[in-house]
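Okay, structure first, notes after.
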Amino acid sequence: FSFTVTCQTPGSNAANILIPPNLFTTFVENAIKHSVDLSGNEAYVHILITAENNSLLFSCTNSVNPEDKYPETKNGGLGLTNVKRRLNLLYDDKYSLACQDNSTTYNINLSIPYDLYYSR
């Protein structure tokens with residue numbers, strides 16, 4: 001199992017970027033849960049966080065075992081539904097969320113505006 005997190009914040013100090021607590025938790029939990037492959041195939045979760053143009057971009061890609069069948073739901077599971085509801089409350093229409101599913105990978109791309117905190 002491979003798990004990588006990469007943070008790229010050129011020109012800004014990542015410690016000064018404020019985001020709501022646990023905003024990415026559901027995405028990471030789902031990625032780990034659905035990437036587990038007991039057949040011995042490569043399983044991975046790759047997370048990339050970048051900051052540019054006052055937006056924080058979160059990308060999470062995980063392997064999917066094509067033999068595992070999960071019930072199809074129109075808008076994802078309860079966790080994803082709750083995250084979407086929270087994003088709407090926090091950011092209204094100022095965020096974008098894209099979920100892409102194919103037979104071997106699942107990818108989440110989230111873009112949110114961020115505020116900077118500068119201690120004085």
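Just so it is clear, none of the values below were taken in a lab; they were calculated from the coordinates. Keep in mind that this is a model prediction, so the values were computed, not measured. Glycine gets a Cβ as well: all are built from the backbone with ideal geometry, and neighbour counts include every protein chain shown.
When +1 charges are put on Lys and Arg Cβ atoms and -1 charges on Asp and Glu Cβ atoms, the dipole computed for the chain relative to its Cα centre reaches about 400 debye. Multiplying the residue separation of Thr105 and Lys33 by 0.36 nm and removing their Cα-Cα distance gives an extension gain of 24.6 nm. Matching the structure-derived volume of the Cα convex hull per residue in Å³ against the labelled list (1) 166; (2) 114; (3) 142 gives the label (2).
Run the numbers on the chain and let me know its relative contact order in percent, using alpha-carbon pairs under 8 Å that are six or more apart.
In percent, rounded to a whole number, it is 30.
Rounded to the nearest 500, the helix-only mean residue ellipticity at 222 nm of the chain stands at -6500 deg cm²/dmol, with each DSSP H run of n ≥ 4 adding -39,500 (n - 2.57).
Sorting Phe58, Phe1, Phe27 from the fewest to the most surrounding beta carbons within 10 angstrom yields Phe1, Phe58, Phe27.
Under 5 Å between amide hydrogens, built in the peptide plane, is the criterion, and for Leu56 it picks out Ile112, Tyr114 among residues at least 5 positions away or on other chains. Segment 12-40 and segment 77-95 have Cα centres lying 15 Å from one another. Since only Ser39, Pro20, Val64 are under comparison, the one whose Cα sits farthest along the positive direction of the charge dipole of the chain, derived from C-beta charges on Lys, Arg, Asp and Glu, is Pro20.
Among beta bridges from DSSP that stay inside segment 2-116, the antiparallel ones total about 80%.
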